Amino acid sequence: MKDRVPISKKKSRAFQSILDRLLLEGMITKEEEVNLSSKIVVEKFDWRRFARYAFIIASLCFIFGLYALIDDRRFLEVFSYFFMGFEKARIVFLAGLVTACNNL
């Protein structure tokens, strides 16, 4: 069994907040809090999130590539319409995509 568990910065803040609350409410002692805090190590880079984003981007590239192979002319029309057309719709779509990826 590992001595220390690697977790992300975000999760470590939540973990420390929970430990502080448990200590404040008297559910654990200071020694238990120190012991539990020493069992985690904060990762400097979140590889899982990176892998998710890389997979999503690779999937989109694969889909675009297949679509381009099947119907090149139509693909270029749709692609140019999206990037040359409605700027507000593009911004909303990309903001939604980023939000969706952030919640993975």
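We did not get these values from a lab; they are worked out from the coordinates using the rules stated. Source: prediction; values computed, not measured. Don't worry about glycine lacking a Cβ; one is built from the backbone with ideal geometry, like all the others, and counts go over all protein chains shown.
Starting from the 7 Å offset along Cα-to-Cβ, what nm value, one decimal, do you get for the label separation of K9 and V98?
1.7
When the chain is fully extended, how far beyond the present Cα-Cα distance does I57 get from R21, taking 0.36 nm per residue of separation?
9.0 nm
For R48, what charge total do you get from the other residues with a beta carbon under 15 Å from its beta carbon, if Lys and Arg give +1 and Asp and Glu give -1?
Net local charge, R48 excluded: +4.
Relative to the first principal axis of the alpha-carbon coordinates of the chain, what is the inclination of helix 72-84, with its axis defined by its Cα atoms, in degrees from 0 to 90 and to the nearest 10?
Approximately 60 degrees, to the nearest ten.
Please work out which option in [x] 0.92; [y] 1.08; [z] 1.26 gives Rg/Rh (Cα atoms, Kirkwood Rh) calculated from these coordinates, and answer with its label.
So the calculated entry is the one marked [z].
DSSP loop chymotrypsin sites (Phe, Trp or Tyr not before Pro) in the stretch 23-52 with at most 12 other Cβ atoms within 10 Å of their Cβ, which ones?
Answer in residue order: F45.
In angstroms, what radius of gyration and Dmax does the stretch 47-102 have, counting Cα atoms only?
Cα-based Rg and Dmax for the stretch 47-102 come out at 13.3, 38 Å.
On average, how much area does the Cα convex hull of the stretch 28-78 cover when viewed from any direction, in nm²?
Convex hull of Cα atoms, orientation-averaged projection: 6.0 nm².
Would you work out which of S12, L24, I56 lies farthest towards the positive end of the dipole of the stretch 1-76, given +1 charges on the beta-carbon of Lys and Arg and -1 on that of Asp and Glu, about the Cα centre?
I56
Counting only residues 5 or more places away or on other chains, whose amide H sits under 5 Å from the amide H of V41 once H atoms are built in the peptide plane?
V5, I7
Considering only the other residues whose Cβ falls under 10 Å of the Cβ of K10, what net charge follows from Lys and Arg at +1 and Asp and Glu at -1?
Numbers: positive: K9, K11, R13, R49; negative: D46.
Its environment carries a net charge of +3.
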